[in-house]
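The values are calculated or read from the model by the stated rules, or taken from the named source; none is laboratory data. Owing to the predicted nature of the structure, the values given are computational and were not obtained by experimental measurement. For neighbour counting, all protein chains shown are included, and Cβ atoms are generated from backbone atoms with ideal geometry for every residue, glycine included.
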Amino acid sequence: MKKLYLIGNMKMNMSLSELEPYFEHIVGIAENSSNVVGVCVPYVYINMAKYMLDGSKVLFGAENMYHADKGAFTGEISAHMLNDFGCDLVILGHSERRHIFGETDEDINLKVKKALETGITPILCFGETIEERKAGSTYNIVERQITSALQDIDEEDIGRIIFAYEPVWAIGTGISATSDQAEEICGFAKRLLEDNYCLKNSIMLYGGSLKADNAQEILSKESIDGGLIGGACLKLDEFQKIIDTKVEK
Ligand code: PGA
């Protein structure tokens, strides 16, 4: 069996009262799974994740961070703070950060470097908008986003990153990429990482309307090692079905 990485991205959802049973259940789900299970949660829930998930098989982390170590950055959270709370993961370069909050390729590069320096695994997201896809520039966009995020990072450190192809048009829309579309771009990204950074076994996730009913088909693709799951991670029965996916090597 191929070990899949199935990581939830809660976004700005869930309440304190919903989270306690959620964390309790996900510990059991991960315990019985041969896949790697993780959840990235809003900052205010990280403390609770630390107490309920630390020591379990569930990896946990944040949905963003700032690159500076400390200082006058009202509202921001540093990698060191995440590390203090035992975060394993941090999502960086998510399309909602790029497109709603204006994060640039340079910002994302600084954040990836800082997460690696601090020992937190970045989940580096990249992906094209529908306009970019229609204009035939998907490969260029993906290549630009990946190479700029990896600027001045050595090859060994690049090997510690989890990559996530998330076409913007598939995120939260209910319309996922087809398995062939996802495979095409994940395969392209893997070849780019191998050719340019000598990274042979990159971990490549697909994200964008991944659900219980399309997980098997998408996750069975050769270049796809797991999923970054937004909406479907909020309902544990749905998330569990995705986590239960089994794929032959
Ligand atoms: P979605 O979100 O599964 O709700 O499309 C995925 C993501 O944004 O990571």
> Got at least one residue in the stretch 213-228 being among the charged types (D, E, K, R), more than 17 Å from Leu4 (Cα to Cα) and assigned to a helix (DSSP H, G or I)?
Replying inline: no
> Does Tyr43 qualify as being within 14 Å of the ligand (Cβ to nearest atom) and of a type outside the set (D, E, K, R)?
Replying inline: no
> Can you pull out the residues in the stretch 138-182 that are farther than 21 Å from Gly61 by Cα, within 12 Å of the ligand (Cβ to nearest atom) and either β-branched (Val, Ile, Thr) or over 17 Å from the mean Cα position of the chain (by Cα) (or both)?
Replying inline: Val168, Thr173, Gly174, Ile175
>> Please go through (1) within 19 Å of Leu234 (Cα to Cα); (2) buried (at least 21 other Cβ atoms within 10 Å of the Cβ) for Gly93 and return the number of the only condition it doesn't satisfy.
In response: (1)
>> Pairs needed: first member in the stretch 82-94, over 18 Å from Leu228 (Cβ atoms); second member anywhere, modelled with pLDDT under 95 and in a strand (DSSP E or B); C-beta distance under 9 Å; at least 6 residues apart or different chains.
In response: none
>> Please pick out the residue among Glu156, Glu217 that is over 21 Å from Asn109 (Cβ atoms) and among the acidic types (Asp, Glu).
In response: Glu217
> Within the stretch 1-33, how many residues are under 26 Å from Asn201 (Cα atoms) and within 15 Å of the ligand (Cβ to nearest atom)?
Replying inline: 5
>> touching a strand residue (DSSP E or B) at 6+ places or on another chain (Cβ under 7 Å) and more than 16 Å from the ligand (Cβ to nearest atom): which single residue out of Ala62, Ala135, Ala72, Ala68 fits that description?
In response: Ala68
